[in-house]
Amino acid sequence: MAVLSVMSIQGNPDELLARMEATLDPVAARKAPQYGGISSTVVRTDDGIKILNLWETEEGRHRMADDPDVQDAIRASGFPEPSFTGYEVLTIRSGAEGAKAIERRIADEVWTKGKLDLIEELIAPEFVGTSPTDGEFHGPDGFRQLVERYHSAFSGVEMRIERLVAEGDWVATNWTARGTHTGELMGIAPTSREATVTGMQFSRVRDGKLVESHGLFDALGMLQQLGAVPAGAPAHA
Amino acid sequence: MFALPPPRHMPCDSCGESLRAETAAQHVCDDERRHRYDLFPVRHEVELFENELSAWLDSPTGRFEQYDAERRRRPR
């Protein structure tokens, strides 16, 4: 369960912030990720500053506070004794997390489970997608046609997200997809071979829907696996 | 001559399962999967044969042949 710790320090806000940047910040930047630190926000108050730190767990917060390097940095800062308050976090909503959630749903529910009715919910009417392999496709209908094209060529499609990185309203996705080639694809007759391909894309989210997406995937590797392009020695004989 | 690098995964030549290059040598084919893979190129012929067989089994001759085979199979 995530926790939010609120630390109040009295004094001149600008001086406190400058001292914090010189003494505490370098240590915190190194140590916080080890203890499950999610984010840190400093706000100005009437009599000083408040530091709002978000942690993955209460235990991580305490382990950070007990770390000898952190204690040294607090002493070096010369801060007056701070007062702490901890709060259990019930929900966290951020643009970046929302963007990641949409990409996860598209991979898990649309591509893997074939829930094409969710496309209207996740893809904006003004959506534009581009890829060297599939060209440009527009809106929910264009996205649906893309999914249908691959679902008709491959049975048992599974798309797994390997990495997701989000900043603001952009999200970068690295994925691996697998499926068995049981339908015609780009003029290639079905082979019953299973193919595994990796790809990545950058997508932008607005109002909870994808508005653009620009992707690349290992089309050459896919064609090699389907036997349409030579691929050196076979994996197994 | 320009040579394309092999992809990280390639399907097994015997059963079609996608294999990661690093672990492909340890792969053992699943019999059922290999059977399905072997039949895939002749799936249209198999389907045609099954349809023709079903139609024949539904015909008067086919029904009689089923009755006769069952009668001869039973111990006297």
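Structure notes:
- Qualifying residues in region A:181-194 (those that are in a loop (DSSP other than H, G, I, E, B) and charged (D, E, K, R)) - the one nearest to the other protein chains (Cβ to nearest Cβ): A:Arg193
- When residues of region A:1-12 are limited to those that are closer than 12 Å to A:Phe79 by Cα and in contact with a strand residue (DSSP E or B) (Cβ under 7 Å, 6 or more places away or on another chain), the one most open to solvent (accessible area, probe 1.4 Å): A:Gln10
- Beta carbons closer than 6 Å, at least 6 apart along the sequence or on distinct chains, pair a first residue in region B:38-63 that is within 30 Å of B:Cys15 (Cβ to Cβ) with a second that is of a type in the set (Gly, Ala, Ser) and surrounded by 10 or more Cβ atoms within 10 Å (Cβ to Cβ) for B:Phe40/A:Ser192.
- Region B:1-52 - residue that is over 24 Å from A:Ala219 (Cα atoms) and assigned to a loop (DSSP other than H, G, I, E, B) and, of those, nearest to the other protein chains (Cβ to nearest Cβ): B:His27
- Residue that is of a type in the set (Val, Ile, Thr) and over 17 Å from A:Ala107 (Cα atoms), where the choices are A:Val128, A:Val147, A:Val171, A:Val165: A:Val128
- A:Gly142 being small (Gly, Ala, Ser) and either within 14 Å of chain B (Cβ to nearest Cβ) or farther than 26 Å from A:Glu97 by Cβ (or both): yes
- Only residues that are free of Cβ contacts under 8 Å to residues at least 12 places away in the same chain and open to solvent by less than 100 Å² (accessible area, probe 1.4 Å) were counted across region B:17-37, and they come to 4.
- Listed by first and then second residue, the pairs linking a residue in region A:77-96 that is within 14 Å of A:Glu58 (Cβ to Cβ) to a residue that is surrounded by 13 or more Cβ atoms within 10 Å (Cβ to Cβ) and hydroxyl-bearing (Ser, Thr, Tyr), with Cβ atoms under 9 Å apart and 6 or more places separating them unless they lie on different chains, are A:Phe84/A:Ser5; A:Phe84/A:Ser8; A:Thr85/A:Ser5; A:Thr85/A:Ser8; A:Gly86/A:Ser5; A:Tyr87/A:Ser5.
- Qualifying residue in region A:160-178 (condition: surrounded by 15 or more Cβ atoms within 10 Å (Cβ to Cβ) and more than 19 Å from the chain's Cα centre (by Cα)): yes
- Any hit, region A:211-229, residues being within 20 Å of the chain's Cα centre (by Cα) and open to solvent by 60 Å² or more (accessible area, probe 1.4 Å): yes
- Residue among A:Phe202, A:Phe154 that is surrounded by fewer than 15 Cβ atoms within 10 Å (Cβ to Cβ) and among the aromatic types (Phe, Trp, Tyr): A:Phe202
Yes or no, residue by residue, for (1) more than 30 Å from B:Thr23 (Cβ to Cβ); (2) part of a loop (DSSP other than H, G, I, E, B); (3) of a type outside the set (Phe, Trp, Tyr); (4) more than 11 Å from chain B (Cβ to nearest Cβ):
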position	(1), (2), (3), (4)
A:Arg149	yes, no, yes, yes
A:Asn174	no, no, yes, yes
A:Thr196	no, no, yes, no
A:Leu210	yes, no, yes, yes
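- Residue check for A:Pro132: in contact with a strand residue (DSSP E or B) (Cβ under 7 Å, 6 or more places away or on another chain) and open to solvent by 70 Å² or more (accessible area, probe 1.4 Å): yes
The values are calculated or read from the model by the stated rules, or taken from the named source; none is laboratory data. A quick note: this is a predicted structure, and the numbers were derived from the prediction, not measured. Methodologically, a virtual Cβ is constructed for each residue, glycine included, from the backbone with ideal geometry; neighbour enumeration extends over all protein chains shown. Note: accessible area is taken over every heavy atom of the protein model, side chains too, but ligands, DNA and RNA are not part of it. Shrake-Rupley method; radii C 1.70, N 1.55, O 1.52, S 1.80 Å.
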